[in-house]
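Presented below is the structure to which this report refers.
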Amino acid sequence: MAEEAIVLTPEGFQKLKDELEELKTVKRSELASRLKTAISYGDLKENSEYHSAKDDQAFMETRIMTIENILRKARVVNSVDTSTVQVGSVVTLNDVEFAERIEYRIVGPAEADVSDHKISYESPLGQALMGKSVGSKITVNAPMGEITYELLEIKA
């Protein structure tokens with residue numbers, strides 16, 4: 001069975017590459033120093049610094065493997081057609097009920113971050129937006145009820 005590609009924008013791909021490099025070089029070295037210091041304190045059974053450093057090391061190694069897997073499966077979206085919404089599009093929406101404008105970048109799930117206005121094309125809003133053109137009305141079911149947006153602009 002073929003592995004499913006993980007869609008990334010060029011910026012998301014580069015950000016993951018940079019994070020991987022930082023983890024493999026700087027962070028591994030820092031953790032090695034922490035472990036060395038913790039081991040020097042003696043009795044490892046009751047050494048909280050040692051256990052904390054080992055936990056951090058396990059988390060970091062898991063993150064390294066996760067990023068390597070994402071990068072291996074990555075399909076980078078380089079060009080964006082602004083006639084319809086697609087991965088990489090930046091969309092300006094108008095919340096019809098509250099007349100509020102909001103801008104989102106449509107990204108793959110690996111780089112989604114709502115606090116940074118990046119939503120996954122797999123999210124309910126992302127799914128509703130995919131393939132739509134300027135002027136479209138989009139209705140999304142949210143925990144607080146249905147929200148209707150008007151698609152005002154699509155940028156690359």
Above-threshold pairs, the threshold being 31 Å between Cα atoms, out of Lys73/Lys137; Lys17/Lys137; Lys24/Lys73; Lys73/Lys155; Lys17/Lys45: Lys73/Lys137; Lys17/Lys137; Lys17/Lys45
Which net charge results for the neighbourhood of Leu93, defined as the other residues with beta-carbon distances under 11 angstrom from its beta-carbon, given Lys and Arg at +1 and Asp and Glu at -1? -2
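How long is the gain from Phe59 to Thr92 if the chain were fully straight, where each residue apart is worth 0.36 nm and the alpha carbon distance is subtracted?
On the way: separation 33, 0.36 × 33 = 11.88 nm, distance 3.70 nm.
Length gained between Phe59 and Thr92: 8.2 nm.
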Between Asp113 and Asn47, Cβ-based FRET efficiency (R0 25 Å, step 0.05) works out to 0.10
May I ask for the distance between the Cα centers of the range 113-130 and the range 64-81, given as a whole number of Å? 17
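Using the count of nearby Cβ atoms within 10 Å as a rough guide to exposure, how do Phe13, Phe59, Phe98 rank from fewest to most? Present the calculation step by step, with values, prior to reporting the outcome.
Numbers: Phe13 21, Phe59 11, Phe98 8.
With the sparsest Cβ surroundings first, the list reads Phe98, Phe59, Phe13.
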Report which label in (1) 14.2, 43; (2) 21.3, 68; (3) 15.1, 49 holds the value of Rg and Dmax of the Cα atoms in Å derived from the coordinates of this structure. (2)
Could you list the residues of the range 77-100 with an amide nitrogen less than 12 Å from a label point located 7 Å from the Cα of Ala5 in the Cα-to-C-beta direction? 77-79, 87
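So, R0 is 30 Å and r is the distance between the beta-carbons of Glu100 and Asn69; what FRET efficiency does that work out to, to 0.05? Don't skip to the answer; put the middle values down first.
Numbers: r = 38 Å, r/R0 = 1.26.
Approximately 0.20, to the nearest 0.05.
Multiply the residue gap between Lys36 and Ser79 by 0.36 nm, knock off their C-alpha separation, and tell me the result in nm, one decimal place.
On the way: separation 43, 0.36 × 43 = 15.48 nm, distance 4.76 nm.
Stretched fully, the Lys36-Ser79 segment lengthens by 10.7 nm.
Could you compute the net charge surrounding Gln57? Neighbours are other residues with a C-beta less than 14 Å from the C-beta of Gln57; K and R count +1, D and E count -1. The partial results should precede the final answer.
Working: positive: Lys24, Lys27, Arg28, Arg34, Lys36, Lys54, Arg63; negative: Glu30, Glu49, Asp55, Asp56, Glu61.
Residues close to Gln57 contribute a combined charge of +2.
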Using the Cβ atoms and a cut-off under 13 Å, what net charge is assigned to the surroundings of Gly145, where Lys and Arg are +1 and Asp and Glu are -1? -3
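Values in this text are rule-based calculations from the coordinates and carry no lab data. In this text the structure is predicted, and so the values were computed from the model without any measurement. Neighbour counts run over all protein chains shown; Cβ positions are idealised from the backbone, glycine included.
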